[in-house]
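Let me begin by presenting the structure, written as structure tokens, before commenting on it.
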Amino acid sequence: MDKGSFVGSILMFLVCAVVFWKATHGHLEALWSEKGAIMVVGGTIAVILMAIPMDKLKNVPGWCKAYLFYKGQSPVDIVKQMNDLAEKARREGILSLEGDVAKLKDPFLMSGLKAAIDGVAPESIEATLRLEVMAMQDRHKTGKKFFDLIKVYGPGIALTATLIGQVGMFSALGGSIEVMGKMLAVAVVATMYGTIMANCIAGPIGDRLALRSAEEILTREMIIQGILSIQAGDNPRVTTDRMMAFVPSAVRTKVKLAA
């Protein structure tokens, strides 16, 4: 589990709960508006269905899972793993890595290393792996787009509900104060729903997924360079240096300390 995502989500929930409780003096039903919920939640779902194909929406559980549970390897682990493989290939030959391929947990590294062992041309290996990276990046963009739609259109739909509530309130001027109060509640609560949905939920999740996508692209680029270096028969130090070029100085220090 991603500790930052989990702790941040729980903290956001607690902050909102405490403020809601104090603002309403424990009468949380004051925050409920059936009309506002129908407009904001239903309208946002409609926008998502209009913007994203249904076959893509089947991945929503996976995107939420990726937010809370991140299984990607760190740059330090990648460098250490590739360095071990490079040393073995240098010492015993690249064919000696056949037994290690079956033990690998990363399908991307497994396919690339297997191609290198089979003697596939470096250009073909690089082209195939980069196509996989592009496909992965496209999937990640769709997930980010899903939450961006909620972040962008949620408040706008809430504003629509607010305007509708204001129209209802103005039309009730001179009439029952109870009707005016209910329509004003629709206007205010709908805005709150849209703001919370955009700024407390969708926005942070989308930004987290974008960062995770960038990290995964970086680690896969490191793997590509490592595989090509191993296939070329480079010195393990050269293999490590090629991968280290993609990581910041702070991470390079950790790698040196772990070496």
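The values are calculated or read from the model by the stated rules, or taken from the named source; none is laboratory data. Keep in mind that what you see is a predicted model, and the values were worked out from it rather than measured. All Cβ positions, glycine included, derive from the backbone under ideal geometry; neighbour counts span all protein chains shown.
Regarding Ala210, is this residue touching a Lys or Arg at 6+ places or on another chain (Cβ under 7 Å) and either assigned by TED's automatic domain parsing to the domain that holds Ile125 or in a helix (DSSP H, G or I) (or both)? Taking the combined requirement at face value, the residue satisfies it. In region 1-91, counting only helices (runs of 4 or more DSSP H) that sit wholly within it, the ones holding 1 or more residues that are assigned by TED's automatic domain parsing to the domain that holds Phe147 span 34-37, 43-51, 54-57, 60-68. Of all residues in region 101-142, those being outside any helix (DSSP H, G or I), of a type in the set (A, V, I, L, M) and over 25 Å from the mean Cα position of the chain (by Cα) number 3.
For region 9-31, which residues satisfy the criterion of being within 30 Å of Lys65 (Cα to Cα) and not hydrophobic (A, V, I, L, M, F, W, C)? Matches in region 9-31: Ser9 only. Cβ separations smaller than 7 Å between residues 6+ apart or across chains give the following pairs from region 1-24 residues that are within 14 Å of Arg208 (Cβ to Cβ) to residues that are loosely packed, with under 12 Cβ neighbours inside 10 Å: Met1/Phe69; Asp2/Phe69.
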